[in-house]
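Below: one structure, written as structure tokens.
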Amino acid sequence: MAKVIIYPTTSLILADLVDRMGHKALVAPEAVRDRVTNPEIKSPPLNITPEEPKKGLKYAAVDVPSGIRGRMALIGPLIEEADAGIILDDPGVLTGCAGCNRTNELVRLLIKTKGIPVLDLKYPRDDTEARGFVARIKAFLEGLK
Amino acid sequence: MRITKYIITSPESEVLPSDIAMRIYGSQHDINVKETCFGIIINGEEDEVADLIKEIRAMDPTGIFIKDRGFPPGDLRRCRGHRGGGARPGYYMIESESKLLPLISKALASEEKADPGPKETETIQKKRPISIKKLDEIIKEEIS
Amino acid sequence: MIRIAELACGAEYSGIQREIERAAETVGAKLVYPEVDLDDIINVEKKFGISVSSGDLNLAMARATRIVENPDLADAVIVMTCFRCAEAAIIRSEIRKYIHQNSKVPVLSYSFTERTTAETLLTRVEALVTTVKYRSLLAREKQTGITAGIDSGSTTTKSVIMRDNQVIGTGWVPTTDVIKSAEDAYNAALKASDLKADDIQAIGTTGYGRFLIGKHFNAKLTQEEITVNSKGAVFLANAQKGPATVIDIGGMDNKAIAVQDGIPGGFTMGGICAGASGRFLELTARRLGVDISELGKLALKGNYQNVAMNSYCIVFGTQSLVNSLSMGCKPEDVAMAACHSVAEQVYEQQLQEVDVKEPVVMVGGTSLVEGLPKAMEQLLGIKVIVPPYAQYIGAVGAALLVSGLLEA
């Protein structure tokens with residue numbers, strides 16, 4: 001079973017396909033869960049604590065906006081953990097964890113330059129493309145050791 | 001560790017979110033269930049959720065989609081009733097992707113029948129910009 | 001309950017959403033999020049005029065269009081985005097303008113960092129809520145009876161006594177002990193007006209120390225300085241009807257307020273850089289060996305372009321001024337360069353965030369340093385008014401507003 005970082009890291013379709021094909025999708029909600037349900041954190045934060053943008057300095061400099069560093073504190077460690085990546089090139093409406101495109105650019109860059117196998121895809125627009133979409137993900141995941 | 005998942009049915013699936021909820025209520029699993037307009041949210045211990053997901057997927061192997069959620073169901077920090085209306089931001093992505101689920105469902109079904117289909121790149125014919133010379137000719141033609 | 005629509009990008013991921021909620025709770029407001037559909041986000045460009053690559057900004061714009069279409073959804077709006085994000089800075093400003101131009105809902109715009117706290121936001125949110133809650137009080141144009149206003153600022157404490165729409169006495173002292181300074185300023189104003197404390201029908205307080213002195217003097221009105229200064233400025237400048245822009249460069253922070261019929265419509269408040277405050281002018285005066293009251297007149301004779309300044313900073317900028325003097329620059333040019341530096345920083349960093357409309361009224365103690373309004377005039381290309389009693393603006397506004405509570 002490989003750990004696969006998906007982009008967008010909140011994609012229902014990619015997370016589902018990776019998991020149903022027997023691998024583990026690395027997704028932002030898991031990182032959020034660690035923070036919002038951790039009983040060790042007193043008064044659990046709404047989403048993340050003000051400490052996260054500081055932790056995000058590992059991925060982006062201090063002159064990068066705080067919202068990017070905060071998001072990177074969630075997503076950066078997932079990229080580090082990944083054995084492979086699947087990237088949607090035209091992901092459409094992105095909000096929340098994926099609502100900042102500067103973060104999204106950095107996420108794609110880090111996935112692509114990590115030196116792991118990466119599959120680039122576009123959302124399907126018809127049945128033929130959808131079959132190609134699923135088949136390529138399947139072939140890609142089967143190729144991972 | 002307790003985890004939370006969204007279970008979302010394809011709009012064309014014959015299984016309704018309420019069917020899934022009833023199945024869970026009738027099962028032995030210690031799982032919290034919350035029905036929403038687009039699917040259901042389940043919350044329980046990791047292993048138990050994993051077992052349950054297998055059962056749920058079996059109800060419609062190609063028409064039910066599952067993803068993680070950070071907040072437990074009904075969490076006041078996310079509940080729109082408590083937070084002054086408006087969907088939480090991630091909702092719009094689920095709504096946007098839900099529209100594609102029928103396509104993915106059909107593709108998964110044909111995948112099960114080992115029908116590979118053509119490569120997607122072959123179906124896209126890109127238009128290239130015309131040459132400057134050609135454009136120049138057209139301009140002259142149009143304004144003459 | 002006042003409903004403030006939060007149109008934000010990055011607040012949760014900067015870890016400050018809870019701080020925004022705390023600030024709202026403190027002033028008795030609730031944050032709301034206008035409902036929009038996915039199609040509203042996808043088609044935002046049709047209504048708003050642009051869509052950008054960051055989805056959360058498109059969501060904020062879609063919510064703004066909902067508010068304009070249905071202003072009953074919110075009583076006020078805060079538009080907040082990450083500091084240093086260019087995409088967000090453009091959209092934040094456009095959302096502010098869009099709501100301001102297309103509805104009567106007051107808007108506050110702010111860019112935050114992970115260090116932003118509820119306390120930083122409090123005065124701003126309080127002012128926003130005041131414009132909604134006390135609209136009828138703010139519509140008041142005349143002072144009646146005998147009332148006093150006390151403005152407990154970070155550097156100075158000011159007090160005025162007003163009777164029948166006239167200022168009849170003033171008091172001004174440097175702020176040391178907050179309550180002691182307020183008493184001294186108040187007593188000086190009473191003495192100047194030949195009245196006793198018993199003659200005063202109501203007291204209004206404002207400024208940093210407003211809560212403390214408000215309690216001490218049993219004030220009928222304790223109000224943040226954005227609302228109060230707007231009111232005081234348009235009253236003294238005789239610009240109570242129609243638009244006006246109020247600029248207040250203070251000892252610790254600056255305010256730029258777009259006013260419509262005496263009510264703040266949009267405003268910014270900056271407060272981290274001493275180089276854009278009265279302190280910079282004080283330091284320059286000291287370096288030049290002149291009293292602060294003389295600096296302005298000196299500056300009027302000078303030309304800022306004769307002095308090379310490479311920083312707005314109170315440390316490095318002042319260094320430039322000292323270097324210029326050692327290289328033979330004239331003191332009047334240095335004085336004007338200091339005024340220009342402060343004005344330019346306020347112009348660049350704050351006036352871009354409000355719609356500058358005439359008349360432009362400069363208030364606060366720094367407006368008496370004549371070079372400063374002159375420098376602002378040069379930058380804006382429009383006439384800047386400094387009304388009488390400009391340094392007492394907060395106290396006048398408080399005395400005027402509190403008189404509205406006498407009849408209640």
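The values are calculated or read from the model by the stated rules, or taken from the named source; none is laboratory data. Please read all numbers here as calculations on a predicted model, not as lab measurements. Cβ sites come from the backbone with ideal geometry, for glycine too, and all protein chains shown count toward neighbours.
What the table shows:
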item	result
Condition check for residue C:131: within 14 Å of another protein chain (Cβ to nearest Cβ), closer than 30 Å to residue C:95 by Cβ, surrounded by 19 or more Cβ atoms within 10 Å (Cβ to Cβ) and at pLDDT below 95	no
Candidates C:67, C:91 - the one that is within 19 Å of residue C:265 (Cα to Cα), within 23 Å of the chain's Cα centre (by Cα) and at pLDDT 95 or above	C:91
Residue ranges of strands (runs of 3 or more DSSP E) in the stretch B:1-119 with at least 1 members of a type in the set (Phe, Trp, Tyr)	B:2-9, B:64-69
Any hit, the stretch C:74-86, residues being surrounded by fewer than 22 Cβ atoms within 10 Å (Cβ to Cβ), without any contact (Cβ under 8 Å) to a residue 60 or more places away in the chain and within 23 Å of the chain's Cα centre (by Cα)	yes
Scan of the stretch A:85-143 for residues that are under 21 Å from residue C:8 (Cβ atoms) and touching a Leu at 6+ places or on another chain (Cβ under 8 Å), ordered by number	A:93, A:95, A:97, A:99, A:101, A:104
Filter result for residue C:113 (at the interface with another protein chain (Cβ under 8 Å from one of its Cβ atoms), surrounded by fewer than 24 Cβ atoms within 10 Å (Cβ to Cβ), polar (S, T, N, Q) and touching a helix residue (DSSP H, G or I) at 6+ places or on another chain (Cβ under 9 Å))	yes
The stretch B:57-92, subset closer than 21 Å to residue C:29 by Cβ and hydrophobic (A, V, I, L, M, F, W, C), residue farthest from the other protein chains (Cβ to nearest Cβ)	B:79
Failed criterion for residue C:341 (all others in (1) under 21 Å from the mean Cα position of the chain (by Cα); (2) closer than 30 Å to residue C:167 by Cβ; (3) part of a helix (DSSP H, G or I) hold)	(2)
Near pairs, Cβ below 9 angstrom, 6+ apart or cross-chain, from the stretch C:10-38 (more than 13 Å from chain A (Cβ to nearest Cβ)) to any residue that is among the hydroxyl-bearing types (Ser, Thr, Tyr)	C:23/C:117; C:23/C:120; C:27/C:130
Single residue of A:141, A:106, A:57 found to be away from chain C (no Cβ under 14 Å) and out of contact with any strand residue (DSSP E or B) (no Cβ under 6 Å at 6 or more places or on another chain)	A:141
Residues of the stretch C:353-408 satisfying the condition of being in contact (Cβ under 8 Å) with a residue 40 or more places away in the chain, in a loop (DSSP other than H, G, I, E, B) and touching a Leu at 6+ places or on another chain (Cβ under 8 Å)	C:356, C:369, C:370, C:387, C:388, C:389, C:404, C:405
Of all residues making up the stretch C:49-74, the number that are more than 12 Å from every other protein chain (Cβ to nearest Cβ) and part of a loop (DSSP other than H, G, I, E, B)	3
Sole exception among (1) of a type in the set (Gly, Ala, Ser); (2) without any contact (Cβ under 8 Å) to a residue 60 or more places away in the chain; (3) in contact with a Ser or Thr (Cβ under 6 Å, 6 or more places away or on another chain) for residue C:103, by number	(3)
Some residue of the stretch B:106-115 being at pLDDT 90 or above and either in contact with a Ser or Thr (Cβ under 7 Å, 6 or more places away or on another chain) or more than 7 Å from chain A (Cβ to nearest Cβ) (or both)	yes
Residue in the stretch C:185-198 that is at positive phi and surrounded by 22 or more Cβ atoms within 10 Å (Cβ to Cβ) present	no
Candidates C:54, C:14, filtered to the one that is surrounded by 20 or more Cβ atoms within 10 Å (Cβ to Cβ), small (Gly, Ala, Ser) and at pLDDT 95 or above	C:54
Qualifying residue in the stretch C:17-31 (condition: closer than 20 Å to residue A:67 by Cβ, assigned to a loop (DSSP other than H, G, I, E, B) and touching a helix residue (DSSP H, G or I) at 6+ places or on another chain (Cβ under 8 Å))	no
For residue B:102: the one exception among (1) within 13 Å of chain C (Cβ to nearest Cβ); (2) touching a residue at least 60 places away in the same chain (Cβ under 8 Å)	(1)
Close pairs (8 angstrom Cβ cut-off, 6 or more residues apart or separate chains): at the interface with chain B (Cβ under 8 Å from one of its Cβ atoms) and farther than 18 Å from residue B:73 by Cβ in the stretch A:31-46, at pLDDT 70 or above and part of a helix (DSSP H, G or I) anywhere	A:31/A:74; A:31/A:75; A:31/A:77; A:31/A:78
Among the candidates C:115, C:140, C:124, C:135, residue that is under 16 Å from the mean Cα position of the chain (by Cα) and on the phi < 0 side of the Ramachandran plot	C:124
Matching entry among A:77, A:124 (being more than 14 Å from chain C (Cβ to nearest Cβ) and in a loop (DSSP other than H, G, I, E, B))	A:124
Qualifying residues in the stretch C:199-218 (those that are among the aromatic types (Phe, Trp, Tyr) and touching a residue at least 12 places away in the same chain (Cβ under 8 Å)) - the one surrounded by the most Cβ atoms within 10 Å (Cβ to Cβ)	C:208
Any hit, the stretch A:26-46, residues being modelled with pLDDT of 95 or more and over 22 Å from residue B:87 (Cα atoms)	yes
Filtered residues of the stretch A:94-133 (kept if touching a Pro at 6+ places or on another chain (Cβ under 7 Å) and surrounded by fewer than 16 Cβ atoms within 10 Å (Cβ to Cβ))	none
